[in-house]
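One structure is given here, and the rest of the page talks about it.
The values are calculated or read from the model by the stated rules, or taken from the named source; none is laboratory data. Being a predicted model, the structure only gives us computed values, none of them experimental. Cβ placement follows ideal geometry from the backbone for every residue including glycine, while neighbour counts extend to all protein chains displayed. Note: areas computed on protein heavy atoms with side chains; ligands, DNA, RNA excluded. Shrake-Rupley method; radii C 1.70, N 1.55, O 1.52, S 1.80 Å.
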Amino acid sequence: MFITLEGPEGSGKTSHLQPLAEWLRGEGHRVFTTREPGGTPIGEQIRAVLHNLQNTEMHPRTETLLYQAARAQFVEQVVKPRLMAGEIVISDRYADSTLAYQGYGHQQDLEQVRALIHYATGGLIPDLTILLDLDVEVGLQRSARRRAQGGEWNRLDAFDLAFHQRVRAGYLEMAKREPQRWKVIDAAQEWEKVQENLRVVLAECLSRR
Ligand code: TMP
């Protein structure tokens, strides 16, 4: 089973990933956690180029293609082998991030972006995608606090508010278009409540398998 966590900046995906995996392991599942962009040595090198604040001249098409290059490696080297071994793979971001950020955010042609994603992933679609939805300004404030405490601040965090608002709207539109794959959780709730909601969604999805 392939599960992806998606959401705008500051939605808290990363902080929920390990506790969620630990809980699943306690329930007897074999779980592998990973993240995008990255997840492989080649992918981490591409991540560094993508997120480098000095790369201000990067064109949206370059950005889109670099994410797909990292993703192709990620799918072949990490996701497929783990799925074949019967593990549950949970990824902090995946292809829907490209649709949200490069597609809706940068306003690139969505059909062309979907075709590139299909090429990069060989058509691998998650079984379940959870959107941690959050007001954009609240999310950016959370990211700014994280930055003040020495956390990562990347080239995409630095885009303007309108960009991030298009990203969030894009996520909500995708969730609405494909309700059988997407589940939306309100990330403005207390951390414990969000974690509880995540477990409920996962338990329900696993019970259907
Ligand atoms: P994160 O580690 O905070 O999730 O940062 C990843 C950043 O990369 C985030 O700003 C979203 C962005 N991103 C894209 O723009 N497109 C993609 O396909 C992926 C995977 C991430």
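Data table
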{"item": "Residues (away from the ligand (no atom under 13 Å from the Cβ) and touching a helix residue (DSSP H, G or I) at 6+ places or on another chain (Cβ under 6 Å)) located in the range 41-50", "result": "Ile42"}
{"item": "Of all residues making up the range 139-161, the number that are open to solvent by less than 90 Å² (accessible area, probe 1.4 Å) and closer than 23 Å to Gly38 by Cα", "result": "15"}
{"item": "Residue identified as of a type outside the set (Gly, Ala, Ser), free of Cβ contacts under 8 Å to residues at least 60 places away in the same chain and within 24 Å of Gln189 (Cα to Cα) among Thr64, Thr14, Thr33", "result": "Thr33"}
{"item": "Count - residues of the range 40-71 that are open to solvent by less than 80 Å² (accessible area, probe 1.4 Å) and over 17 Å from Arg93 (Cα atoms)", "result": "6"}
{"item": "Residue identified as within 14 Å of the ligand (Cβ to nearest atom) and touching a residue at least 12 places away in the same chain (Cβ under 8 Å) among Leu202, Leu156, Leu198, Leu206", "result": "Leu156"}
{"item": "Qualifying residue in the range 107-117 (condition: within 13 Å of the ligand (Cβ to nearest atom), closer than 15 Å to Ser11 by Cα and hydrophobic (A, V, I, L, M, F, W, C))", "result": "no"}
{"item": "Residue within the range 113-124 that is open to solvent by 20 Å² or more (accessible area, probe 1.4 Å), among the hydroxyl-bearing types (Ser, Thr, Tyr) and more than 15 Å from Trp182 (Cα to Cα) present", "result": "yes"}
{"item": "Subset tally (residues that are of a type outside the set (A, V, I, L, M), under 18 Å from Pro8 (Cα atoms) and surrounded by fewer than 16 Cβ atoms within 10 Å (Cβ to Cβ)) for the range 182-209", "result": "4"}
{"item": "Filter result for Thr129 (of a type in the set (Ser, Thr, Tyr), open to solvent by less than 40 Å² (accessible area, probe 1.4 Å), part of a strand (DSSP E or B) and within 13 Å of the ligand (Cβ to nearest atom))", "result": "yes"}
{"item": "Residue within the range 162-174 that is in contact with a strand residue (DSSP E or B) (Cβ under 8 Å, 6 or more places away or on another chain), open to solvent by less than 40 Å² (accessible area, probe 1.4 Å) and either touching a residue at least 12 places away in the same chain (Cβ under 8 Å) or part of a helix (DSSP H, G or I) (or both) present", "result": "yes"}
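Conditions (1) more than 9 Å from the ligand (Cβ to nearest atom); (2) of a type in the set (A, V, I, L, M), marked per residue:
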site: Thr14; (1), (2): no, no
site: Asn52; (1), (2): yes, no
site: Met58; (1), (2): yes, yes
site: Ala70; (1), (2): no, yes
site: Val89; (1), (2): yes, yes
